[in-house]
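Read through the structure below, which is laid out as structure tokens, and then see the notes.
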Amino acid sequence: MNPRRKNFLSTGTTSIVLIFVLLCLLTFSVLSVVSARADLNLSTKSADRTTEYYEAENEANDILLTVRNSLASHAGSPDFLSEVRSDLEGDSGITFSEGNALSYHVPINENQQLFVSLTLSAEPQENGDYYQIEAWKVENTHEWNNDTSVPVLNSDTMDELFSEE
């Protein structure tokens, strides 16, 4: 008699290994799709914010060009600052503060704005302009409320825990 020799790898074992490998591949493919979608959403938000910022930057530069043209047209006049003030006051949100400073805000989105502050000069600067940029920055307009309290135990529960009966 010839004894039957059993195969170490039978059909059942091969099927189980194949199913396990397929499940691993499926899991990794689903994770890849989810990760790619999250990256797409993040990239879209980043692109939108960048576009909003550069649109506000362009608008701020347009206002700066208006200021530059007004300064150039009134250069050399004896009442330089008052003529520039009357020419630009209230135009495009331009406000004059003490002395020879002016500022304006350009909205970026509902939570941010671009703040520009200039110091005017009757004499041209080294670069030939009649102004010096003092501030060109993004400011938050949304009030941030730090409400991170988590009610773990209230005072009544604490009293019950530590009271002796």
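Where a number appears in this text, it was derived from the coordinates with a stated rule and is not lab data. Just so you know, these numbers come straight off a predicted model, no measurement behind them. In this analysis, Cβ positions are derived from the backbone assuming ideal geometry, glycine residues included, and neighbour counts consider all displayed protein chains.
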Discussion item. I need the Debye-formula profile for the chain: one equal scatterer per C-alpha, no solvent, reported as log10 I(q)/I(0) at q = 0.10 1/Å, two decimals.
Written reply: -0.68
Response to the item:
Rg/Rh over Cα atoms for the stretch 76-141, Kirkwood Rh, comes to 1.03
Response to the item:
For 136-145, 94-103, ranked highest to lowest by mean beta-carbon neighbours within 10 Å, the order is 94-103, 136-145
Practice prompt. Evaluate the charge dipole of the stretch 37-140 about its Cα centre and quote only its size in Debye, nearest 20, assuming +1 on the Cβ of each Lys and Arg and -1 on the Cβ of each Asp and Glu.
Written response: 340
Worksheet item: What translational diffusion coefficient, in µm²/s and rounded to a whole number, does the Stokes-Einstein relation yield for the stretch 52-100 at 10 °C and a viscosity of 1.306 mPa s, taking the hydrodynamic radius as the Kirkwood radius over Cα pairs?
Response: 136
Worksheet item: Mind listing which chymotrypsin sites (Phe, Trp or Tyr not before Pro) in the stretch 8-76 are in a DSSP loop and have 10 or fewer other Cβ atoms within 10 Å?
Response: Phe8
Practice prompt. Pairs of Cα atoms under 8 Å, at least six residues apart: use those to get the relative contact order of the stretch 37-140, whole percent.
Written response: 21
Worksheet item: Per-residue HN-Hα couplings for the stretch 23-36, Karplus 6.51 cos²θ - 1.76 cosθ + 1.60 at θ = phi - 60°, whole Hz, x for Gly and Pro?
Response: 5, 5, 5, 5, 4, 5, 5, 5, 4, 5, 5, 5, 5, 5
